[in-house]
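Here the structure is laid out as structure tokens; the discussion comes afterwards.
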Amino acid sequence: ESFMSGEECRTIADYQNKTIRLDFVNEFGFGESFKEVAAKNTVVEFRKGDKPDGEVILTKDNIQTAQCQYNEDFAPIEYSIGIILDEKGTEKFAELSRELAGTDTPLSLWINGEMIFSANFTTEIKEGNINIAGVFSQNEAQIIAAQLYMEDLPFPVEITNCEFTESK
């Protein structure tokens, strides 16, 4: 489910003393998230275990898409992050889930050195679809999904203004 669709986002960014104006449809709520993550390069790592030095199993390169999802039927968990892995990521994820199923060793998600989520496997997961359900607000889930999905900009920018308007 998308959030705030029908709205447009206008972002003003400075790059090398030049102003750049970006106008785009705020599909999937990424407009709100854009201002939070666009100016930063994001390091995403799925690690074996819940320690910062755990073996890195998957990275941002293995993620095809990620989006905030509304879970009407799973109160109190209203928002989650749906992730679809690429073929290589799906294979690695299946191998890891088979290895860790029924053990006390979790898989953890780290963004820029901060652990966002950790969970244990009860069974092997062969599909490349991951749903991270936690106690996320809509904004938190959108920002995390954007950090997982958005490619880093090839240059540094500073966001100086971001506004939302109704699309025409």
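The values are calculated or read from the model by the stated rules, or taken from the named source; none is laboratory data. This structure is a prediction, so every number in the text was calculated from the model and none was measured. Cβ atoms come from the backbone with ideal geometry, glycine included; neighbour counts cover every protein chain shown. Note: accessible area is taken over every heavy atom of the protein model, side chains too, but ligands, DNA and RNA are not part of it. Shrake-Rupley method; radii C 1.70, N 1.55, O 1.52, S 1.80 Å.
Quick notes on this structure:
- Residues (more than 21 Å from Gln142 (Cβ to Cβ) and β-branched (Val, Ile, Thr)) located in region 69-128: Thr90, Thr103, Thr105, Thr122, Thr123, Ile125
- Taking region 60-103 as the range and being within 18 Å of the chain's Cα centre (by Cα), open to solvent by less than 50 Å² (accessible area, probe 1.4 Å) and hydroxyl-bearing (Ser, Thr, Tyr) as the test, the residues that pass are Thr65, Tyr79, Ser80, Thr90.
- Leading residue by the ranking (farthest from the chain's Cα centre (by Cα)) among those in region 43-59 that are crowded, with 16+ Cβ neighbours inside 10 Å and in a strand (DSSP E or B): Lys48
- A single member of Thr90, Thr122, Thr65 is among the β-branched types (Val, Ile, Thr) and free of Cβ contacts under 8 Å to residues at least 24 places away in the same chain, and it is Thr122.
- Qualifying residue in region 141-153 (condition: within 20 Å of Asp50 (Cα to Cα) and outside any helix (DSSP H, G or I)): no
- Scanning region 107-153 for residues that are within 17 Å of Gly89 (Cα to Cα), over 14 Å from the mean Cα position of the chain (by Cα) and open to solvent by less than 50 Å² (accessible area, probe 1.4 Å) turns up Leu107, Phe121, Gly128.
- Note on region 108-119: residues that are in contact with a strand residue (DSSP E or B) (Cβ under 6 Å, 6 or more places away or on another chain) and in contact (Cβ under 8 Å) with a residue 40 or more places away in the chain total 6.
- Test: residue in region 61-81 that is touching a helix residue (DSSP H, G or I) at 6+ places or on another chain (Cβ under 9 Å) and among the acidic types (Asp, Glu): yes
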